[in-house]
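The values are calculated or read from the model by the stated rules, or taken from the named source; none is laboratory data. Everything numeric in this text was worked out from a predicted model, so none of it was measured. Glycine gets a Cβ as well: all are built from the backbone with ideal geometry, and neighbour counts include every protein chain shown.
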Amino acid sequence: AQKVTQAQTEISVVEKEDVTLDCVYETRDTTYYLFWYKQPPSGELVFLIRRNSFDEQNEISGRYSWNFQKSTSSFNFTITASQVVDSAVYFCALKKYTGANSKLTFGKGITLSVRP
Amino acid sequence: EPEVTQTPSHQVTQMGQEVILRCVPISNHLYFYWYRQILGQKVEFLVSFYNNEISEKSEIFDDQFSVERPDGSNFTLKIRSTKLEDSAMYFCASSVREGLGGELFFGSGTQLSVL
């Protein structure tokens, strides 16, 4: 069975602070995908990143960076110099690499509040 | 930029009534999904749909639920006799393929309130 654990439930930071959102996953598959989605107060789910399990290269996109560590089954997300607009719920998710229509398994989400 | 469109954004219904939630996936996508999120909880998979048939469903997706792609553009979720516990945000999603590049794009959701 697949499982995603986001142990942090709520994080509050002051604008311009760096913040790391943790994600730990469990799967028996050797190849899989990991995702991060953002859910702003308006409610929609916004795709942020997809990572293949066979590609452990870390990725940076502007103020966002992701640290994938297969050895510890973690896929952590760091926001550098946080902004108020980063306030949202962030979900980590896991998906099988193969198999028609394999579902996304989400973590419970982390509520990030960035104060001015 | 193409997006998944869901209507209505909010739906209020009485317990026992039928509701139909509507979605227009991204036009060249082939795989369609419904997920739901009960307030304050995680997003849960309901069903996936490909080539005009259900390919996977969760234990939540019981006989009260059905999906349909009535034409080339719409994808609907029907709840036959709503229960209080069906109150949730329902997300439609689509993807162009499985495997590499098969990320799901979600709509803005329909907030269903069952009274």
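Output the strands (runs of 3 or more DSSP E) that fall wholly within segment B:1-44 and possess 1 or more residues being under 14 Å from A:Leu45 (Cβ atoms), or say none. So that I can check it myself, show each step before the final result.
Working: elements: B:5-7, B:10-13, B:19-24, B:31-37.
Fully inside segment B:1-44 and qualifying: B:5-7, B:19-24, B:31-37.
Let me spell it out: the conditions are (1) assigned to a loop (DSSP other than H, G, I, E, B); (2) surrounded by 17 or more Cβ atoms within 10 Å (Cβ to Cβ); (3) modelled with pLDDT of 95 or more, and A:Glu44 meets all of them except one. Which number is the exception?
In the conditions (1) assigned to a loop (DSSP other than H, G, I, E, B); (2) surrounded by 17 or more Cβ atoms within 10 Å (Cβ to Cβ); (3) modelled with pLDDT of 95 or more, A:Glu44 misses (3) alone.
Residue-by-condition table, conditions (1) of a type outside the set (Gly, Ala, Ser); (2) within 11 Å of the chain's Cα centre (by Cα); (3) within 20 Å of A:Phe91 (Cβ to Cβ); (4) away from chain A (no Cβ under 13 Å):
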{"residue": "B:Glu1", "(1), (2), (3), (4)": "yes, no, no, no"}
{"residue": "B:Met15", "(1), (2), (3), (4)": "yes, no, no, yes"}
{"residue": "B:Tyr31", "(1), (2), (3), (4)": "yes, no, yes, no"}
{"residue": "B:Tyr35", "(1), (2), (3), (4)": "yes, yes, yes, no"}
{"residue": "B:Leu39", "(1), (2), (3), (4)": "yes, no, yes, no"}
{"residue": "B:Leu46", "(1), (2), (3), (4)": "yes, yes, yes, no"}
{"residue": "B:Tyr50", "(1), (2), (3), (4)": "yes, no, no, no"}
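I'm told A:Val85 meets every condition in (1) more than 26 Å from B:Gln111 (Cβ to Cβ); (2) without any contact (Cβ under 8 Å) to a residue 60 or more places away in the chain; (3) more than 14 Å from chain B (Cβ to nearest Cβ) except one. Can you identify the failing condition by its number?
Of the numbered conditions (1) more than 26 Å from B:Gln111 (Cβ to Cβ); (2) without any contact (Cβ under 8 Å) to a residue 60 or more places away in the chain; (3) more than 14 Å from chain B (Cβ to nearest Cβ), the odd one out for A:Val85 is (1).
Within segment B:4-13, how many residues are crowded, with 21+ Cβ neighbours inside 10 Å and either under 23 Å from B:Glu85 (Cα atoms) or more than 11 Å from every other protein chain (Cβ to nearest Cβ) (or both)?
Matching residues across segment B:4-13 total 1.
Got a sec? Which of B:Ser66, B:Ser81, B:Ser113 is touching a Ser or Thr at 6+ places or on another chain (Cβ under 6 Å), small (Gly, Ala, Ser) and either outside any helix (DSSP H, G or I) or within 14 Å of chain A (Cβ to nearest Cβ) (or both)?
On the way: B:Ser66 fails: touching a Ser or Thr at 6+ places or on another chain (Cβ under 6 Å); B:Ser81 fails: touching a Ser or Thr at 6+ places or on another chain (Cβ under 6 Å).
Being touching a Ser or Thr at 6+ places or on another chain (Cβ under 6 Å), small (Gly, Ala, Ser) and either outside any helix (DSSP H, G or I) or within 14 Å of chain A (Cβ to nearest Cβ) (or both) holds for just one of B:Ser66, B:Ser81, B:Ser113, which is B:Ser113.
Considering only residues that are part of a loop (DSSP other than H, G, I, E, B) and within 14 Å of another protein chain (Cβ to nearest Cβ), look in segment A:9-41 and name the one that is surrounded by the fewest Cβ atoms within 10 Å (Cβ to Cβ). Let's see the steps before the verdict.
Step one: of segment A:9-41, the residues part of a loop (DSSP other than H, G, I, E, B) are A:9, A:15-18, A:22-23, A:27-31, A:40-41.
Then drop every residue that is not within 14 Å of another protein chain (Cβ to nearest Cβ), which leaves A:9, A:23, A:29, A:31, A:40-41.
Details: A:Thr9: 10, A:Cys23: 27, A:Asp29: 15, A:Thr31: 12, A:Pro40: 13, A:Pro41: 7.
The extreme case among them is A:Pro41.
Identify the single condition in (1) within 11 Å of another protein chain (Cβ to nearest Cβ); (2) in contact with a Ser or Thr (Cβ under 9 Å, 6 or more places away or on another chain) that B:Ser95 does not satisfy, given that it satisfies every other one.
The single condition B:Ser95 does not satisfy is (2).
Just checking, how many residues over segment A:47-68 are at pLDDT 85 or above, loosely packed, with under 12 Cβ neighbours inside 10 Å and polar (S, T, N, Q)?
Residues meeting the conditions: 1.
Show the residue pairs meeting these rules: Cβ distance below 6 Å; 6+ apart or different chains; first residue within segment B:65-87 and farther than 18 Å from B:His10 by Cβ; second residue small (Gly, Ala, Ser) and modelled with pLDDT of 95 or more.
B:Ser81/B:Gly16
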